[in-house]
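Presented below is the structure to which this report refers.
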Amino acid sequence: MRHYAVLRLLLAGFLLYFAWPVIPEATTMLERVFWGGWLGFFLLVVGANFSTLLQMTKPPVMEQENRRERQTQ
């Protein structure tokens with residue numbers, strides 16, 4: 001289910017594409033804090049999805065494949 005991670009990375013990149021021209025126009029402190037928080041969250045999303053793609057962490061439970069193994073007694 002690695003394609004979900006790729007789709008989330010593409011969505012994050014798409015949102016950054018629209019936000020990037022507006023970020024330098026931030027003049028007040030509140031705007032700078034907002035964009036700083038937004039970029040911090042963006043980096044968290046990108047890092048988490050790259051770690052899933054590189055198989056450094058397990059994917060979310062919803063995306064894990066259920067493999068049934070036969071239990072012997």
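List, please: which pairs have Cβ atoms under 6 Å, are six or more places apart or on different chains, and start with a residue in segment 2-18 that is in a helix (DSSP H, G or I) and end with one that is of a type in the set (Ser, Thr, Tyr) and surrounded by 11 or more Cβ atoms within 10 Å (Cβ to Cβ)?
Between residues of segment 2-18 that are in a helix (DSSP H, G or I) and residues that are of a type in the set (Ser, Thr, Tyr) and surrounded by 11 or more Cβ atoms within 10 Å (Cβ to Cβ), the close pairs are ALA5/THR52.
Among the residues of segment 51-58, is any open to solvent by 70 Å² or more (accessible area, probe 1.4 Å) and in a helix (DSSP H, G or I)?
The answer is no, given that none of the residues of segment 51-58 is open to solvent by 70 Å² or more (accessible area, probe 1.4 Å) and in a helix (DSSP H, G or I).
If LEU10 meets every condition in (1) on the phi < 0 side of the Ramachandran plot; (2) at pLDDT below 85; (3) open to solvent by 80 Å² or more (accessible area, probe 1.4 Å) apart from one, which number is that one?
Failing condition for LEU10: (2).
Answer yes or no as to whether GLU65 is in contact (Cβ under 8 Å) with a residue 12 or more places away in the chain and among the charged types (D, E, K, R).
Yes, satisfied.
Check whether at least one residue in segment 21-44 is surrounded by 10 or more Cβ atoms within 10 Å (Cβ to Cβ) and touching a residue at least 24 places away in the same chain (Cβ under 8 Å), and report yes or no.
Taking every residue of segment 21-44 in turn, at least one turns out to be surrounded by 10 or more Cβ atoms within 10 Å (Cβ to Cβ) and touching a residue at least 24 places away in the same chain (Cβ under 8 Å).
Just name the residue that is farthest from the chain's Cα centre (by Cα) out of those in segment 19-30 that are assigned to a helix (DSSP H, G or I) and modelled with pLDDT under 95.
So the residue we want is GLU25.
I'm told VAL33 meets every condition in (1) β-branched (Val, Ile, Thr); (2) within 20 Å of the chain's Cα centre (by Cα); (3) in a helix (DSSP H, G or I) except one. Can you identify the failing condition by its number?
(2)
The values are calculated or read from the model by the stated rules, or taken from the named source; none is laboratory data. Not measured: the values here are computed from a predicted model. Cβ atoms come from the backbone with ideal geometry, glycine included; neighbour counts cover every protein chain shown. Note: accessible area is taken over every heavy atom of the protein model, side chains too, but ligands, DNA and RNA are not part of it. Shrake-Rupley method; radii C 1.70, N 1.55, O 1.52, S 1.80 Å.
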